[in-house]
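The values are calculated or read from the model by the stated rules, or taken from the named source; none is laboratory data. Quick caveat, the model's predicted, so the values are computed rather than measured. Positions of Cβ are backbone-derived with ideal geometry, glycine not excepted, and every protein chain shown enters the neighbour counts.
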Amino acid sequence: MKKLVIATQNRNKFKEMKEALDGLGWELVPGFEFPGIPEVIEDGATLEENSLKKAKEVSDFTSLPALSDDTGLFVDALNGQPGIYAARFAGEKCTYEDNVRKMLGMMENVPDGKRRALFRTVITIHHPGNKVQQVAGEVSGIITNKPMGAHGFGYDPIFQPDGSSKVFAEMSLEEKNRISHRGLALQRARELLLSGNF
């Protein structure tokens, strides 16, 4: 079976991606299972640049095809913040809870009608032969006034996608993968992997 390295150190993200890419005939291996794998410095100016950098460095290190994602959260009331810095919004080494707390603090006086936000994920598949393919997924919604739900990770407790009465953290993994930014990007990545171009 062909191996595909999922270029993440995040176990929650790997679980989500594995569920979405299951049954493709690829063995999905998390990056954190490779001793000495480099910690990629995400210093790109865009999600596309960061996603490509991660996939390329991990593919080069493992000599295997690698799939990586980079995700941003763009909040209208915060002039697009945190954007590509969503994972470290509250500072380096911050927790998911730190980020949620900071977001809710900054949004404290923002009225319900002004809490629009966009989640966007870019996925890159990098093959050792330097062949690269990128796909993206995005979902619009609102930032809620308080955290809800017990599932998911990151901003899932405070992001309610359009057309749903639930935040991501109130959804099952299967339900979330059907409609989320990462889920939509993964569906497109599935199509690439099934196409046999790799």
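Just a few scattered comments:
- Lone qualifier among 80, 31 - being crowded, with 21+ Cβ neighbours inside 10 Å, more than 25 Å from residue 178 (Cβ to Cβ) and without any contact (Cβ under 8 Å) to a residue 60 or more places away in the chain: 31
- Here is the figure for segment 45-79: residues that are under 22 Å from residue 155 (Cα atoms) and either aliphatic (A, V, I, L, M) or part of a loop (DSSP other than H, G, I, E, B) (or both) total 8.
- Residue check for residue 124: touching a His at 6+ places or on another chain (Cβ under 8 Å), surrounded by 14 or more Cβ atoms within 10 Å (Cβ to Cβ) and either closer than 18 Å to residue 185 by Cβ or without any contact (Cβ under 8 Å) to a residue 12 or more places away in the chain (or both): no
- Scanning segment 156-186 for residues that are over 13 Å from residue 120 (Cα atoms) and either modelled with pLDDT under 95 or in contact with a strand residue (DSSP E or B) (Cβ under 6 Å, 6 or more places away or on another chain) (or both) yields a total of 12.
- Selected residue [in contact with an Asp or Glu (Cβ under 9 Å, 6 or more places away or on another chain), touching a residue at least 24 places away in the same chain (Cβ under 8 Å) and buried (at least 19 other Cβ atoms within 10 Å of the Cβ)] from 119, 89: 119
- Test: residue in segment 157-180 that is touching a residue at least 12 places away in the same chain (Cβ under 8 Å), crowded, with 17+ Cβ neighbours inside 10 Å, in a loop (DSSP other than H, G, I, E, B) and in contact with a Ser or Thr (Cβ under 7 Å, 6 or more places away or on another chain): yes
- Taking the criterion of being of a type in the set (Val, Ile, Thr), within 25 Å of residue 184 (Cα to Cα) and either assigned to a loop (DSSP other than H, G, I, E, B) or in contact with a Gly (Cβ under 6 Å, 6 or more places away or on another chain) (or both), the only residue of segment 80-118 that qualifies is 84.
- The residues of segment 7-28 that are in a strand (DSSP E or B) and either surrounded by fewer than 15 Cβ atoms within 10 Å (Cβ to Cβ) or among the aromatic types (Phe, Trp, Tyr) (or both), listed by number, are 26, 27.
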